[in-house]
Amino acid sequence: MPKLVGARILFLHSMISRLSDVITSVMAQMSKKSVAALLIAIFAFTLLHKATAGENRQPSVQSETLLRASSSWDGGPYKSYPAGRPQLAILKVTLAPHTVLEWHTHPIPNAAYLVSGELTLERKEDGKKQRFVAGQAVAETVGLFHRGIAGNEPVVLIVFYAGSPGVPLTKSRLECEPRRQPLKDKSWNHSLHR
């Protein structure tokens, strides 16, 4: 083993010596201007090589804007955030294939990212629909009834809400309808039927 290492060192030494002799011979035949041009070319080549090596390397941090919106998917502009101290919420929502959500509304701005599946959003007032697929982000409507309809595969959404404490993230249609309050004093009812 030591003989093999020694032989490799001798071989490398002889190769470096030969290369040095070739470079010395070439430079002896060159004028001073040619030597300067050669040195500039080597310097430029080195800079170019370093610059292109940096382009081929993956950056350690990558950032891609998935959504930046001032209006919802249906074109409705966002008006304002709720008053009060901000409170953020992030939900992971999973829908089975062909699930049809109830009509609902959001009182606060929110956005969703579709991790997997296909989701069609439908606006109640006019039936306007838009389809979203995995990898897309959607700016949700605020104050308008809508629903989601899952496609043939399970849907996984990550939903981001920008609200404030005490403000619900979602309201169903039933929660938004006015409720009839029972009468506290029913004596008038008896008097009418006597």
Could you tell me whether Leu10 is modelled with pLDDT of 65 or more and assigned to a helix (DSSP H, G or I)? yes
Limited to the range 98-144, what total is found for residues that are under 15 Å from Tyr78 (Cα atoms) and either surrounded by fewer than 18 Cβ atoms within 10 Å (Cβ to Cβ) or in contact (Cβ under 8 Å) with a residue 60 or more places away in the chain (or both)? 11
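The values are calculated or read from the model by the stated rules, or taken from the named source; none is laboratory data. It should be emphasised that the depicted structure is a prediction, and the values quoted were computed from it without experimental measurement. Glycine gets a Cβ as well: all are built from the backbone with ideal geometry, and neighbour counts include every protein chain shown.
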